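Following: one structure in structure tokens, then a few remarks.
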Amino acid sequence: MNVIHSIEEMQKKILRLKSSGNKIGFVPTMGYLHEGHKALMKQARKENDVLVLSIFVNPLQFGPGEDLEAYPRDFEHDRMVAKEEGADFIFYPTVQEMYPKHSSVKVSVEDRTDVLCGKSRPGHFDGVATVLTKLFHLIMPDRVYLGLKDAQQVAVVDGLIKDFNFPIELVPVPTVRELDGLAKSSRNVNLLSIERDQAKELYQSLLYAKEEIEQGERDPEKVIDMVKAFIEMRCDAKIDYVEIYSYPELKPLNIIAGKVILALAVKFSKARLIDNLILEIV
């Protein structure tokens, strides 16, 4: 496994591999790898000749009040995980390498960002789309792997790939969960003991809503109220949002039908957690 810091070196190696007919699988990350990232790498390893992992804490997707410097980092741990999962390359550039000067062009996302987490993080997905546009040009992957835990990001990247005509297959990978259902996240370590016990109820609230929908409830507001009441009875956390939209378009619904996402975010004392279910309703 090679660790590459230079854009020029990464491009040269990728061009050589592509010219030999290799299929490239790409897993973009900000590091601090956990089981969710492992799931992405496992699937990418199975489906491609070459697996490239990027680790880059992208400053463009951090807004005011979000502490870029406090984002967890542990490259030696990440390197070991990537090696165990069969990565061929880690692209590990510095900020100076990725953004050597003030950018004259940035990507602005016009749709799918004014709801869910994007509503409270203006500019966040512009940063995501900008860095991924750069990485897609550098890595030239045939397939890119993203986790459905951040389903809004998957929806935004789906739009980016289609609108910019990238010859890339987007592969959404199901959320990896703890035994009690809590979605795996690097933020889970910030939960207090009692909060960790309560946090399992987030997924249970989604399953409860799923059951109600399957039994015929089609009113989005009623389902949202059910989920909020479920969480409020069981968790000492502030609900940021509970929302239902079409997926991946992320448009409001009058009636729950078709492919939809039921998503939530809650704030515990030192951790903000998100989760979702994507359902096909006929």
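Every read-out reported here was derived from the displayed coordinates using simple, explicitly stated rules and does not represent laboratory data. Everything numeric here is computed off the predicted structure, so don't read it as measured data. Note that each Cβ is placed from the backbone with ideal geometry, even for glycine, and that neighbours are counted across all protein chains shown.
Data overview
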{"item": "Degrees between helix 75-84 axis and first principal axis of the chain (Cα, 0 to 90, nearest 10)", "result": "90"}
{"item": "In degrees, nearest ten, helix 193-214 long axis to first principal axis of the chain (Cα)", "result": "70"}
{"item": "Inter-label distance, nm, simple model (7 Å from Cα along the C-beta direction), K200/H102", "result": "5.3"}
{"item": "Förster radius 25 Å - calculated FRET efficiency between L15 and T94 (Cβ-Cβ, nearest 0.05)", "result": "0.70"}
{"item": "Cβ-Cβ FRET estimate between Q215 and K46, R0 fixed at 45 Å, reported to 0.05", "result": "0.75"}
{"item": "Residues D275, D197, sorted so that the one with the fewest Cβ neighbours within 10 Å comes first", "result": "D197, D275"}
{"item": "For L182, distant residues with modelled amide H under 5 Å away", "result": "none"}
{"item": "Flagged links, alpha-carbon separation over 25 Å, of K162/K267; K119/K251; K119/K184; K101/K267; K23/K162", "result": "K162/K267; K101/K267"}
{"item": "Debye, to nearest 20: dipole size of segment 1-64, +1 on Lys, Arg Cβ, -1 on Asp, Glu Cβ", "result": "240"}
{"item": "Karplus 3J(HN,Hα) series, Hz, for segment 35-46 with 6.51 cos²θ - 1.76 cosθ + 1.60 (x for Gly, Pro)", "result": "4, x, 5, 4, 4, 4, 5, 4, 5, 5, 5, 5"}
{"item": "Antiparallel DSSP beta bridges within the chain, percent to nearest 5", "result": "50"}
{"item": "Value at 222 nm in deg cm²/dmol, rounded to 500, when DSSP H runs of n ≥ 4 in the chain each add -39,500 (n - 2.57)", "result": "-12500 deg cm²/dmol"}
{"item": "Fewest-first sequence of H137, H124, H37 by Cβ atoms within 10 Å of each Cβ", "result": "H137, H124, H37"}
{"item": "Segment K259-E280, extension gain: residue separation times 0.36 nm, minus the distance between their alpha carbons", "result": "7.1 nm"}
{"item": "Partner aspartates and glutamates for K200 [C-alpha distance under 15 Å; skip if fewer than 8 residues away on the same chain]", "result": "E178, D180, E232, D236, D275"}
{"item": "Gain in span if fully extended, N2 to E249, counting 0.36 nm per residue against the direct Cα distance", "result": "85.1 nm"}
